[in-house]
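Every read-out reported here was derived from the displayed coordinates using simple, explicitly stated rules and does not represent laboratory data. Just so we're clear, the structure is a prediction, and the values are computed from it rather than from any experiment. Neighbour counts run over all protein chains shown; Cβ positions are idealised from the backbone, glycine included.
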Amino acid sequence: MGWLDWTVVSAYVALIVGVGMRAGRGAKSADAHLRADRDLPAWAVVFSVLATEVSAATYIGVPESAFSTNWNYLQFAIGALIGKIIVGTVLVRLYWRLNLPTAYGFLAARVGPRTQRATAIAFVCGRLIGSGVRTFIAAVAFAVVAQVDIFAAIVGICCIATLYTMLGGLKAVVWTDVAQGSIFFIGAATAVVFAMLKLNDAGIGTSTVISEALEAGKLQFINLGAGEDWLASHKPLIVAIIGGAFLTLATHGTCQENVQHLLNVRTEKGAVRSLIASGLFTFPIVGMFLSVGTVLWVYHQHLPADGYGIASKDDVRRIFPNFIMHVMPSGLRGLVFAGLFAAAVASLGATINAVAATWTTDLFPKRAMTLRGVRMLMAGCGVALLGIALFFVWWATQSSEDLVNIALSAMTILYGGILGTFLCALMLPRRRDGGVVIALCVGIIVGATLFFHKQIFGLAEARIAWPWFIPISSTLTLLVCCLVPRAAAQPDGASARTQ
């Protein structure tokens, strides 16, 4: 990258750090730092939820998926919208009625403190794993474009995300997400427009691009699954809808990373509307990133890949960052790369704040945490993300999965057990606290077995696709909960359980 590109990226980094500093000025307590004084506007939360979802896995992984296959990934957005409607109309309203600081307080009210703590621990572990994958994916692109070592890229991303979150807490996360959400969308759109202009200069117009993509099946987004093994493939429509819905129920209904936005909006109605609106906006955003991959595929059918390859698995994984690096001119290159960087750090900031809030509220509520203590805790979260991202540098060398599937499947290890525990609290009469913890552990073991089943059983190919991981593990968790004896009746007023 040239000096102009570094100037654009540096200006962006200075902007988000400055927003973090400004957001943190009014915080007088740890709770205000973590909860933004419960004064977040609904429209800003829409941006923040989307920015948290659109990580570097989307920025790099979705164009890779469209380049190598088609638009099947858009099917998951249908399931995600269904999941968000359920979460908004059921769970979010319930959380607001209970006036909860985190989602896991619901389990304390409906089951008991052991389940609350165990599920909070599972969330912390699962969220750090998922965000570690996001960091790794962002570092892959950063290393290509900036021509630095991937380990240095991981350190840089983690440090910047940790810094602005330490300075401003949840306010910094949300308000930087407003800026970052705009930047990564503009960055992707810029890449599409530039590639189309290059094709036009070569005598290939928009109609030709569309017709070639249609003929090659690159724009197919509905796959009815005829002739496919629905258990082993993530491509059939029904599989994608089920997987997307269950994943969203877990990530937006039980995961504090997303729930924290919804619990700290000014009104309950604003929280519900912002969540459902984010589900609708997912379609054009994902469509934009799929367009990047499709246009790049047509581009490389007619124009040479000057300075990079497109043949190997690793080449395809780096197709978008390589295009940014070798084809786009200075200045525009910096803008598109700033969009990538925005996608990377936006999701990490939300993770760090959510883990810190869960730690202080659910795991160690009796320890009075100062503002300085919370900021040190956030620094520790940043170090943990760094270590997990380095692990996935190794994992990627052992896996043939594309990047977006690595990111999505990694999140399923613990989330099935967590979702099953919430379903138990929501659907079943009150169960014994210790028994529900055992059910949670069963769900986690099942989730880990599903995630690693290819390696555990020495299979050449995975027999169960990742969209089934959460449905299977959450259902088994719920079934085990059904076997747990009912809790003894409590005196009136001893339980916060809702009817």
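Show me the ranking of peptides 119-125, 244-250 by mean Cβ neighbours inside 10 Å, starting with the highest.
Numbers: 119-125: 22.3, 244-250: 26.0.
Ranking the peptides 119-125, 244-250 by packing returns 244-250, 119-125.
Return the equivalent ellipsoid semi-axes of region 309-404 as a descending list in whole Å, where each equals the square root of 5 times an eigenvalue of the C-alpha gyration tensor.
Calculated on Cα positions only, the semi-axes equal 36, 18, 9 Å.
From the Cα trace of region 152-253, what convex hull volume per residue do you get, rounded to a whole Å³?
Hull volume over Cα atoms, normalised by residue count, gives 195 Å³.
Please compute one quarter of the surface area of the Cα convex hull for the chain and express it in square nanometres.
Seen from a random direction, the Cα hull of the chain projects 22.6 nm² on average.
Take peptides 436-446, 62-72 and line them up by average Cβ neighbours within 10 Å, highest first, as a rough protection proxy. Let's see the in-between values first.
Numbers: 436-446: 21.7, 62-72: 23.7.
Top of the packing list down: 62-72, 436-446.
With an 8 Å cut-off on Cα pairs and a minimum separation of 6 or more residues, tell me the relative contact order of the chain in percent.
Relative CO of the chain lands at 32 percent.
Tell me the angle of helix 332-358 to the major Cα principal axis of the chain, expressed in degrees between 0 and 90 and rounded to the nearest ten.
The helix 332-358 is inclined about 10 degrees to the chain.
Compute the distance from the alpha-carbon center of region 274-327 to that of region 335-379, in whole Å.
Going from one Cα centre to the other spans 30 Å.
Between GLU212 and ASN99, with labels modelled 7 Å along Cα→Cβ, what's the label distance in nm to one decimal, could you check?
Label-label distance for GLU212 and ASN99, simple model: 6.3 nm.
Highest mean first, how do 204-212, 31-39, 160-168, 356-364 rank when packing is the count of other Cβ atoms within 10 Å averaged over residues? Mind dumping the intermediate values first?
Values: 204-212: 14.1, 31-39: 20.3, 160-168: 25.2, 356-364: 22.1.
With the highest mean Cβ count within 10 Å placed first, the list reads 160-168, 356-364, 31-39, 204-212.
Starting from one equal scatterer on each C-alpha and no solvent at all, send me the Debye-based log10 I(q)/I(0) for region 244-285 at q = 0.25 Å⁻¹, two decimals.
Per q value, in the given order, log10 I(q)/I(0) is -0.93.
Past 27 Å, Cα to Cα: identify those pairs from LYS269/LYS366; LYS218/LYS454; LYS84/LYS454; LYS28/LYS366; LYS218/LYS313, in the order given. Walk me through the numbers on the way to the answer.
Details: LYS269/LYS366 32 Å; LYS218/LYS454 29 Å; LYS84/LYS454 31 Å; LYS28/LYS366 19 Å; LYS218/LYS313 18 Å.
In this structure, LYS269/LYS366; LYS218/LYS454; LYS84/LYS454 lie more than 27 Å apart at Cα.
Any chance you could check the Cα centroid distance between region 112-150 and region 3-77 for me, in angstrom?
So the separation of the two Cα centres works out to 15 Å.
Can you give the FRET efficiency for SER68 and SER182, using 1/(1 + (r/R0)^6), R0 = 30 Å, r = Cβ-Cβ distance, to the nearest 0.05?
After rounding to 0.05, the efficiency reads 0.60.
Could you give P(r) for region 87-209, binned at 5 Å from zero, as whole percent values over all Cα-Cα pairs?
Pairs per bin, as whole percents: 2, 8, 9, 12, 16, 14, 11, 10, 7, 5, 3, 2, 1, 0.
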